[in-house]
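Heads up, the thing below is written out as structure tokens.
Only the coordinates and a few stated rules stand behind these numbers; no lab work does. None of the values given here were measured: they were computed from a predicted structure. Heads up, the Cβs are rebuilt from the backbone with ideal geometry, glycines too, and the neighbour counts pull from every protein chain shown.
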């Protein structure tokens, strides 16, 4: 800890650079040196004379933990579950449908696209909004 504090204050090195230099020059053996992560934990706990404010890169970083969304909604069947026969494009009548949104504002235009797999016939219909009622009205 004293060596890292000395390197940090006198040379302006990062905590990782201090550890790397000490190992590269053989000042300490590998089993005598704590990891960089441990040094940063020491700073957080106040065991060193270095504060988080002294570490410009550390205060820039977002320290919030990221987590995967647990309750992701599944909105119907996946397109991957469709029949292999649809992929072959041998039968007429397999349609794909999608909505194309503008800037996602409430009053922006929305396009309903329909594409038939075999003939690749394509329709594009302008609808009021992205509600199911507007989509069904366009289908009708």
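Points to keep in mind about this one:
- Gap separating the Cα centres of the range 1-58 and the range 64-140, nearest whole Å: 54
- Separation of the residue 35 and residue 78 label points, Cα + 7 Å toward Cβ, nm: 3.4
- Cα pair distances in the chain, grouped into 5 Å bins until the bin that holds the longest one, percent each: 2, 7, 11, 10, 8, 7, 5, 4, 4, 5, 7, 9, 9, 8, 3, 0
- Size-normalised alpha-carbon gyration radius of the range 73-115, reference 2.2 N^0.38 Å: 1.56
- Annotation: extensible slack from residue 66 through residue 52 equals 2.9 nm (criterion: 0.36 nm per residue apart, minus Cα-Cα distance).
- Histogrammed with a bin width of 10 Å, the alpha carbon distances of the range 2-60 distribute as 23, 59, 17, 1 percent, first bin at zero.
- Helix 15-24 axis versus longest C-alpha principal axis of the chain: approximately 60°, rounded to the nearest ten.
- Computed FRET value (nearest 0.05) for residue 106 with residue 86, which takes r as the C-beta separation and R₀ as 30 Å: 0.30
- Tilt relative to the chain, helix 36-45 - C-alpha long axis, 0 to 90 degrees, to 10: 80
- Rounded to two decimals, the Cα radius of gyration of the range 86-140 over 2.2 N^0.38 Å is 1.28.
- Computed from Cα atoms, the angle from the helix 2-11 axis to the main principal axis of the chain rounds to 80 degrees.
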